[in-house]
1. Sum up the charges of everything whose Cβ sits under 9 Å from the Cβ of Cys86, counting Lys and Arg as +1 and Asp and Glu as -1, but leave Cys86 out.
2. Per residue, how much accessible area does the range 38-123 show when a 1.4 Å probe rolls over the protein heavy atoms, in square angstrom?
3. Which of the lysines could be linked to Lys114 by a straight reach, that is with a Cα gap under 19 Å, when you skip same-chain ones fewer than 8 residues away?
4. Where does each of 57-70, 221-234 land if you order them by average Cβ count within 10 Å, highest first?
5. Could you work out how far the C-alpha centroid of the range 114-130 sits from that of the range 64-103, in angstrom?
6. Between Ala2 and Cys108, what is the label-point separation in nm under the 7 Å Cα-to-beta-carbon projection?
7. Kirkwood-based Rg over Rh for the range 1-147 (C-alpha set), two decimals?
8. Ignoring any ligand, DNA or RNA, what whole percent of the accessible area of the range 1-120 comes from carbon and sulfur when the probe is 1.4 angstrom?
Amino acid sequence: MAGVPSRYDDVDLVIVRENTEDLYAGIEHMVGPDAAESIKIITRAASERIARFAFEYAIANGRRKVTAVHKANIMKLSDGLFLESCTTVAAEYAGRVEFEDRIVDNMCMQLVQKPDLYDVLVLPNLYGDIVSDPRGGPRRRARRGARGEHRRGRGGLRAGPRIGAEVRRPEQGESHRADPVRALMLRHLGYAEVGERLETAVRHVIAEGRTVTSDLGGTAGTRQFADAVIERLGAATPAGSAA
């Protein structure tokens, strides 16, 4: 994104994360006084559902490849079932979307060294949570923050909707510091053109760098940032069109 220094240019990754099971199902208990046990749940139904979503997303958005990320070499039953489910669904899209798989630790290294090789990643819950953070992290150090750390950009630049039976908005709070921009939700609701216009306006304001929030090196609050986006949207609206 122009205006946010990064080690890489022109990298555009989508992470599709299953969000209902795996170790995050919360099935854990103590085994005696000195040991704890967590149960990892992977089902064919949830795995095929998330895989199919990834492929449908790829087709709808002109993506070229889906990569299933797993640890089936060690967890042969649970992650093995996830990989098998993804492979089964991938066969339905053969010739339309490329499919491959990667072991999760190798995938993490790949995202650091050559993220441009990947397009859409589909993962179980835990791996998706972990991998989504370094996806937004490879940025150059740009300025010294209030506590002495170098910072420029943050995970808040990543759109991260939860898509299911209900539509939920992200919880942004009232700090007026982070950029609560979610053009992806508009696209999901069927307003692709409006979402594109919003994202273009947001990118313009961030690239310009005059009205950005503290996480991007500026001093504006989110209201000022939003006003700048609205102004840009108005300037980009053709005469006679609805804003």
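The values are calculated or read from the model by the stated rules, or taken from the named source; none is laboratory data. Being a predicted model, the structure only gives us computed values, none of them experimental. Backbone-built Cβ (ideal geometry, glycine too); neighbour counts: all protein chains shown. Note: accessible area is taken over every heavy atom of the protein model, side chains too, but ligands, DNA and RNA are not part of it. Shrake-Rupley method; radii C 1.70, N 1.55, O 1.52, S 1.80 Å.
1. Cβ neighbours under 9 Å give a net charge of -3.
2. 48 Å²
3. Straight-line reach from Lys114, under 19 Å: Lys65.
4. So the peptides 57-70, 221-234, ranked by packing, come out 57-70, 221-234.
5. For the range 114-130 versus the range 64-103, the Cα centre distance is 12 Å.
6. 3.5 nm
7. 1.04
8. It is 54 percent, rounded to a whole number.
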